[in-house]
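Written below as structure tokens is the structure these notes are about.
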Amino acid sequence: MNLLLLGLTLGTSGKLVLGLAVLRAHMHIVHEHKIDGVVLQAMTRERYVTLLGLALILVGYILEVMFYSSATDFLTCVGPECVAAVNAVFNN
């Protein structure tokens, strides 16, 4: 798996997780028809899922930027070659 595919996958996964967390929160509020301790507890749990989604979006973005900033190194790398290319970017 090359760096571009990994970045796009993580970014898309983060967006999906974030969207699902928001949908679940809204569905829970609609189902309860009021905000009480149960709803607040569910929203607190979903805050962590939302943070995970945001982290995946950020990591995906960083990987995509790294790919496009030095695309020649990352166009054909697979596995250990990508690791070596990433190390070269960070060590320069």
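The values are calculated or read from the model by the stated rules, or taken from the named source; none is laboratory data. The model shown is predicted, which means the values in this text are computed figures rather than measured ones. Positions of Cβ are generated from backbone atoms using ideal geometry, with glycine treated the same way; all protein chains shown enter the neighbour counts.
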For the list (1) at pLDDT 80 or above; (2) on the phi < 0 side of the Ramachandran plot, I need the number of the one condition that ALA88 fails. (1)
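Out of curiosity, is VAL17 over 18 Å from the mean Cα position of the chain (by Cα) and either modelled with pLDDT of 85 or more or aliphatic (A, V, I, L, M) (or both)?
Details: over 18 Å from the mean Cα position of the chain (by Cα): no; either modelled with pLDDT of 85 or more or aliphatic (A, V, I, L, M) (or both): yes.
So VAL17 fails the test.
Check ILE29, ILE35 and return the single one that is part of a helix (DSSP H, G or I) and surrounded by fewer than 16 Cβ atoms within 10 Å (Cβ to Cβ).
Numbers: ILE35 fails: part of a helix (DSSP H, G or I).
Only one candidate passes the filter, namely ILE29.
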